[in-house]
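K.L.:
My questions all concern the structure below.
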């Protein structure tokens, strides 16, 4: 038995998960029969976290469960001041940290816990950290809370406590989907949100929730306080019993990361995470495809590799019987599934091959008309909030905003890239996940010569990211520069953004312009003669300013900015604090 003092006085009791020990516990006082308690059941590989007002009765139920009866240890967290809200909060806190730590496979389902406030929550939160440390001392966790919170397993976990904005969207989507499936009608839902509103989290959460409904058993106990417990009805389970679900992720790096999360999550598996090129038309169609970053789906264009050009044609032929050049990967999604949920932000389109802007806009309008449109508003990533997101997009636009400051966000301008790099290194040593990022404004020499350098700014030599998958977590990343393709969809603690010579400021027109010759993403600027599309400098300016807006909204705690072009540097200096 152990304990710690804070606003609350908790103790952690440990016992074997056996009928004998549970019987002894039930005779030990009303804290085990009539008081809210949080508990963790585990063996060497798996853990289950729960809360109950009658923990002894709940343990007897778990002993009858084939999945949980093989677990052998119980940790009970008992506190004289616990109430239902605090217990739900602690339960969610521990589930998220177990999922992010990765030592155990978390057996919990997704009944859903919202991020709800309650009286003295901040003081309880302090005791939760002490509870974590005591469990960690017992060997239940391998890493510290900051280390866990920086991990991809934590950031992309399906066990998030949703904010009310996210929970509302999930509830509305589930209601709509259930009705459409029951009536046997196809549907397309669209979720729109700015960077950091949790679109990827909702995609992962929905898949886990649907899988848990599919796999639920008759008579299984679901806490009525869980926000999505009403969906675990036998009739709903029957609707989804053979429901085939997939998550399409266009970006290679993000797709690889999410697959790792799915491997660690019961009821999910890596094969559920798809590239658009996995939709070959040779398998049975999906009942539901959820598409993250759907604006990054491709229209017919010269693909990054020759084999993908061939595969684009073959998939068109397999799905539609002919190679129609007007078909896009969105058409593949629709043809390969009866229901679709598309997560989009048109202002994060960064290449001409992405879905055309007018097509994305028509998707939004159509879904609004069909009442299958959901807008996310709450900013979950950047501490500068929604106002900061709007401000960044504004200062890169033709309609700059009034100068603003963000007191709770570390937004800084640097005149020397060396100083910015050193500041990023300091933040990396303090908090981790501090990285340099930039637009593709220098050629990628190290692709063919690893000993070379790609970027030379006043004698400060840097290399592009040396890996295209999971670069953020690579050992050399703090001294490299990440491109849009390695960081879109990810969180950083601090981003050091180098605005390269691909953007300049025209003193005559007093406007931001593109320097086409200094933009080295071949696929980011090539024309599309097959479709008769030829991209002007104005088109290219939209993609490149979108890229820098995405890069400048990666940092949760701060964004540092260095500008290569002297005139643009002087223009932006007024908008960014030094």
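Bear in mind these aren't lab numbers, they're just calculated from the coordinates by the rules spelled out. Quick caveat, the model's predicted, so the values are computed rather than measured. Quick reminder, even Gly has a Cβ in these numbers, built from the backbone with ideal geometry, and neighbours come from all protein chains shown.
K.L.:
Testing the spin-label approximation: label points 7 Å from Cα along Cα→Cβ at residue 469 and residue 9. State their distance in nm.
P.N.:
Going by the 7 Å Cα→Cβ label model, 5.4 nm.
K.L.:
Need one number: % antiparallel among DSSP beta bridges in the chain, to the nearest 5.
P.N.:
On the way: 31 of 76 bridges.
Percent antiparallel among DSSP bridges in the chain is about 40.
K.L.:
Shape call for region 164-376 from the C-alpha gyration tensor, a ≥ b ≥ c root eigenvalues: rounded (a/c under 1.5), prolate (a/b greater than b/c) or oblate? Intermediate values should be presented prior to the final figure.
P.N.:
Values: a/c = 1.73, a/b = 1.55, b/c = 1.12.
Because a/c hits 1.5 or more and a/b exceeds b/c, region 164-376 counts as prolate.
K.L.:
Sequence gap at least 6, Cα distance under 8 Å: using those rules, report the relative contact order of region 164-376 to the nearest whole percent. Provide the component values of the computation, followed by the final result.
P.N.:
Numbers: 303 pairs, mean separation 63.7, N = 213.
Relative CO of region 164-376 lands at 30 percent.
K.L.:
Nearest 10 degrees, 0 to 90: what angle lies between the long axis of helix 357-369 and the longest principal axis of the chain (Cα atoms)?
P.N.:
Relative to the chain, helix 357-369 is tipped by roughly 40 degrees.
K.L.:
Can you tell me the length gained on complete extension of the stretch residue 456 to residue 142, counting 0.36 nm per residue apart and subtracting the Cα distance? Write down the numbers at each step before the final one.
P.N.:
Values: separation 314, 0.36 × 314 = 113.04 nm, distance 4.07 nm.
Extra length available between residue 456 and residue 142 comes to 109.0 nm.
K.L.:
How far apart, in nm, are the 7 Å Cα→Cβ label points at residue 117 and residue 422?
P.N.:
If labels sit at residue 117 and residue 422, their model points lie 4.2 nm apart.
K.L.:
Describe numerically, in nm with one decimal, the distance between label points set 7 Å from Cα along Cα→Cβ at residue 526 and at residue 510.
P.N.:
According to this spin-label approximation, the distance is 4.0 nm.
K.L.:
Additional query: Once you keep just the Cα pairs under 8 angstrom separated by 6 or more residues, what percentage relative contact order results for the chain? Intermediate values should be presented prior to the final figure.
P.N.:
Details: 1055 pairs, mean separation 71.1, N = 578.
12 percent.
K.L.:
Okay, next question. How far, in degrees from 0 to 90, does helix 417-431 lean away from the longest principal axis of the Cα atoms of the chain, to the nearest 10?
P.N.:
Roughly 10 degrees, rounded to the nearest 10.
K.L.:
Sort 385-396, 263-274 by packing, meaning the average of other beta carbons within 10 Å per residue, with the highest value first. Each step should come with its number before you reach the end.
P.N.:
Details: 385-396: 19.2, 263-274: 17.4.
For the peptides 385-396, 263-274, the packing ranking is 385-396, 263-274.
K.L.:
How far is helix 84-101 tilted off the main Cα axis of the chain, in degrees rounded to 10, range 0 to 90?
P.N.:
Result, in degrees: 60.
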